[in-house]
1. Is it the case that region 111-131 has a residue that's within 11 Å of the ligand (Cβ to nearest atom) and touching a helix residue (DSSP H, G or I) at 6+ places or on another chain (Cβ under 7 Å)?
2. Take the residues of region 87-134 that are part of a loop (DSSP other than H, G, I, E, B) and not acidic (Asp, Glu): which is nearest to Leu299 (Cα to Cα)?
3. Which residues, counting only those in region 177-186, are over 12 Å from Met279 (Cα atoms) and either more than 24 Å from the chain's Cα centre (by Cα) or surrounded by fewer than 16 Cβ atoms within 10 Å (Cβ to Cβ) (or both)?
4. Take the residues in region 146-168 that are of a type in the set (A, V, I, L, M, F, W, C) and away from the ligand (no atom under 12 Å from the Cβ); name whichever of them is nearest to Phe133 (Cα to Cα).
5. Select from region 171-196 the residues that are touching a Pro at 6+ places or on another chain (Cβ under 7 Å) and under 30 Å from Val8 (Cβ atoms) and list them in ascending order.
6. Just wondering, is there one or more residues in region 137-145 that are more than 10 Å from the ligand (Cβ to nearest atom), in contact with a Ser or Thr (Cβ under 9 Å, 6 or more places away or on another chain), closer than 16 Å to Leu248 by Cα and not aliphatic (A, V, I, L, M)?
7. Can you name the residue in region 279-302 that is closer than 22 Å to Lys187 by Cβ and among the β-branched types (Val, Ile, Thr) and, of all such residues, is surrounded by the most Cβ atoms within 10 Å (Cβ to Cβ)?
8. Any residue that is assigned to a strand (DSSP E or B) and among the aromatic types (Phe, Trp, Tyr) - is there at least one of those in region 66-79?
Amino acid sequence: MAREQWGVCAEANLHGLHLFFNAHDGYEPVIREALTQLPKIFEEINEQFSEAMFSAVIAIGASFWDDLYPDKKPEGLKPFSAIKHDDRYMPGESIDLFVQLRSDRQDVNYIACQRLVSLFGEMIELIEQVPCFRYLDGRDLTGFVDGTENPKGRNRRDVALVKHGTFASGSYLHVQRYRHNLARWDKVPTEEQELIIGRTKIDDIEMSKEDMPDTSHVKHASLKDENGNSLELMRQSMPYGNASTQGLLFISYCAQPTNFERILHNMVFGSGDGNYDHMLDYTTAETGSAFFAPSIDFLKNQGNVG
Ligand code: HEM
């Protein structure tokens, strides 16, 4: 069985460093080769700083995949399509490479970042970096615990990883940077905030069916497929913030891309009659991109192909 990249199902850490790169044209063979070496570099960092619980993921953007590995593509990998309904807009963009570096030590993430940058050198260009942190006891900056209904134990791998074929143990990944309007949110009384999210704030308890408003986030995110199975996601979102901007870097992994797509669509469109996800009145997606995080074995074996 192929091994998945460590950060896909990892437990939460104190610090995250997220990097978005584009590749310069013509470097595909060298990038492919560099990607074969990256898992070993991350393994070394993990061994050297074992107490830091370091984990990493490198994922390849939907459009860049065709240039990098032209012979085979994960079936469901496609660019993030922007969606809009009324004043709710989710932008979509094409980014070549996404890197998630996580650990309980900011200096270890920094070291991993430097190793990565020196491996790829001038082949790639940094588009954006989003340093993130654990906030209180795993809360989003709205004050609500984020990640409670994430799959647990073995179920994490079942939800996140492709089961069979060339891309087994790989994962479809969606990333959106949301910017919160906290000045507006903080004026909303706690009871109303709880109705908007669908859980209690301090104790993090899900509202009963009777109390759960049709406009809550939890209601829109708890979808079932045609056979009654829950559409689950392995969320690895983390808060970011400084003196001027605050928000959530939403990150989800899944064995198929459709779970994310369907939930996001439901949040934006809802069932009509104003029943969209009212959390979106307080936060705005500023970026959105789609990637595939192949297994470690896939990355290591692709060096001289093509
Ligand atoms: C600013 C953006 C977002 C914030 C602040 C946020 C926050 C939350 C919070 C507080 C919960 C309840 C606790 C939990 O189970 O984690 C939750 C649940 C959830 N969210 Fe989000 N979320 C955001 C965006 C999204 C997006 C874009 C998706 C998927 C497209 C999503 C999918 C889910 C799912 C699947 C659940 C679990 C629902 C359940 O089964 O109860 N969230 N989110």
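Rule-based calculations on the coordinates, nothing more; no lab input. Since we're looking at a predicted model, the values are computed, not measured. Neighbour counts are summed over all protein chains in view; Cβ atoms, including those assigned to glycine, are modelled from backbone coordinates with ideal geometry.
1. No; the residues of region 111-131 include none that is within 11 Å of the ligand (Cβ to nearest atom) and touching a helix residue (DSSP H, G or I) at 6+ places or on another chain (Cβ under 7 Å).
2. Only one residue tops the list, namely Ile95.
3. Of everything in region 177-186, those that are over 12 Å from Met279 (Cα atoms) and either more than 24 Å from the chain's Cα centre (by Cα) or surrounded by fewer than 16 Cβ atoms within 10 Å (Cβ to Cβ) (or both) turn out to be Ala183, Asp186.
4. Ala160
5. Quick first cut of region 171-196, residues touching a Pro at 6+ places or on another chain (Cβ under 7 Å) only: 172, 195.
Of everything in region 171-196, just one residue is touching a Pro at 6+ places or on another chain (Cβ under 7 Å) and under 30 Å from Val8 (Cβ atoms), namely Tyr172.
6. no
7. My answer is Thr283.
8. As a first pass, look at region 66-79 and keep what is assigned to a strand (DSSP E or B): none.
Looking through region 66-79, none of the residues is assigned to a strand (DSSP E or B) and among the aromatic types (Phe, Trp, Tyr).
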